[in-house]
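Read the figures in this text as sums done on the coordinates, not as results from a lab. Since this is a predicted model, take the numbers as computed values, not measurements. No Cβ is skipped: glycine too gets one built from the backbone with ideal geometry, and neighbour counts run over all protein chains shown.
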Amino acid sequence: MAKNKERLGKGIRALLNNMDQSVDAPTPKEEVVQKLSTAIVEIPVDQIEVNPFQPRKTFDPTALEELSQSISVHGLIQPITVRRLSQNQYQLISGERRLRASKKAGLKNVPAYIRLANDQEMLEMALVENIQREELNPIEVGITYQRLIDECNLTHEKLSDRLAKNRSTITNYLRLLKLPPQIQNGLRDKAISMGHARSLAGVQDVALQLSLYNTTLQEQLSVRQIEDLIRRQTQPAQERKAKSSLPLEYREIQDRLGARFGMKVTLKRSANGKGQIIIPFGDDSDLNNILDTIED
């Protein structure tokens, strides 16, 4: 494995050097961008400098420590992105939190995508072309969507237009990147399906996510079965009692809404027919996902 990474690193360096030095028969820049946008290279962390224009200045210490511990066990799953400055010097474009956590975990090298300077449009074209490949797994699709957002300054709406996909579809793939590494690996290795992963992504408690994931593997649960199990596990006794008092057709509506939004939805109805639909959210990202789903 180390030899393969070394050969890959040398190949990328040769590609970059040829682009800089060759005059008679230069490598088309479009080809270079296409290769670099999909190739992952191991880069020493001491050769990467932080972008001084990075808008994010503060990082939650607890979350950083948790990510560091996860990287210590599973490695860095989502590569960072850097821009080549010189032969052995790179500047970070996206992934400062991952880089900090990797350093904290003691990693000497991190996986990275290399970008060329002033290649915005070609990078976007290369990534969009890459995402059309049928063999990409859902995690790779989610990472590519995130790269288009971070590196090409695209909003969810613009990305939806570029790819001709519903925003809810894009949101569902992006949510997969928030899953624990074990579940991401299980999805990547086809131990679970996209439907299983979407259901697990709607669970806020990481420990419960992992427990449900292990149960899914052990008992070979279907997507419908894991959805039912999630509802039973996350619904307080009082709410279960309230749900049981709903007419059957209203319980079915509540269940369909919960499955559609990927989270617990509560439908309340009084005897005179008045009621409420309650859709909780944990942060602004969850709220945007809800709004996207409603608009779609």
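Pairs LYS104/LYS178; LYS108/LYS165; LYS158/LYS264; LYS158/LYS178; LYS104/LYS165: which are spaced more than 31 Å apart, C-alpha to C-alpha?
Numbers: LYS104/LYS178 20 Å; LYS108/LYS165 39 Å; LYS158/LYS264 29 Å; LYS158/LYS178 22 Å; LYS104/LYS165 38 Å.
Checking Cα-Cα distances, LYS108/LYS165; LYS104/LYS165 exceed 31 Å.
What's the extension gain from VAL128 to THR155 if we count 0.36 nm per residue and subtract their Cα-Cα distance? Before the final figure, lay out the partial values.
Values: separation 27, 0.36 × 27 = 9.72 nm, distance 1.47 nm.
That pair, VAL128 and THR155, stretches by 8.3 nm at full extension.
For ILE183, what charge total do you get from the other residues with a beta carbon under 14 Å from its beta carbon, if Lys and Arg give +1 and Asp and Glu give -1?
Spelling it out: positives minus negatives among the neighbours equals +3.
Which percent of Cα pairs goes in each bin when the distances of region 60-104 are cut into 5 angstrom slices starting at zero?
Each 5 Å bin holds this share of Cα pairs: 5, 23, 26, 21, 14, 8, 3, 0.
So if R0 is 41 Å, what FRET efficiency would SER86 and MET194 give, r being the distance between their Cβ atoms, rounded to the nearest 0.05?
Working from the Cβ atoms, E equals 0.50.
For the pair GLU140/ILE40, report the inter-label distance in nm, with labels modelled 7 Å from Cα in the Cβ direction.
Placing both labels 7 Å beyond Cα along the Cβ direction yields 1.0 nm.
Counting other beta carbons within 10 Å of each residue's own, what order do PHE281, PHE261 fall into, fewest first? It would help to have the intermediate numbers written out before the result.
Working: PHE281 14, PHE261 19.
Exposure proxy ranking, most exposed first: PHE281, PHE261.
Could you work out the local net charge near SER285, counting Lys and Arg as +1, Asp and Glu as -1, over the other residues with Cβ closer than 10 Å to its Cβ?
Working: positive: ARG175, LYS178; negative: ASP283, ASP284, ASP286.
Result for the neighbourhood of SER285: -1.
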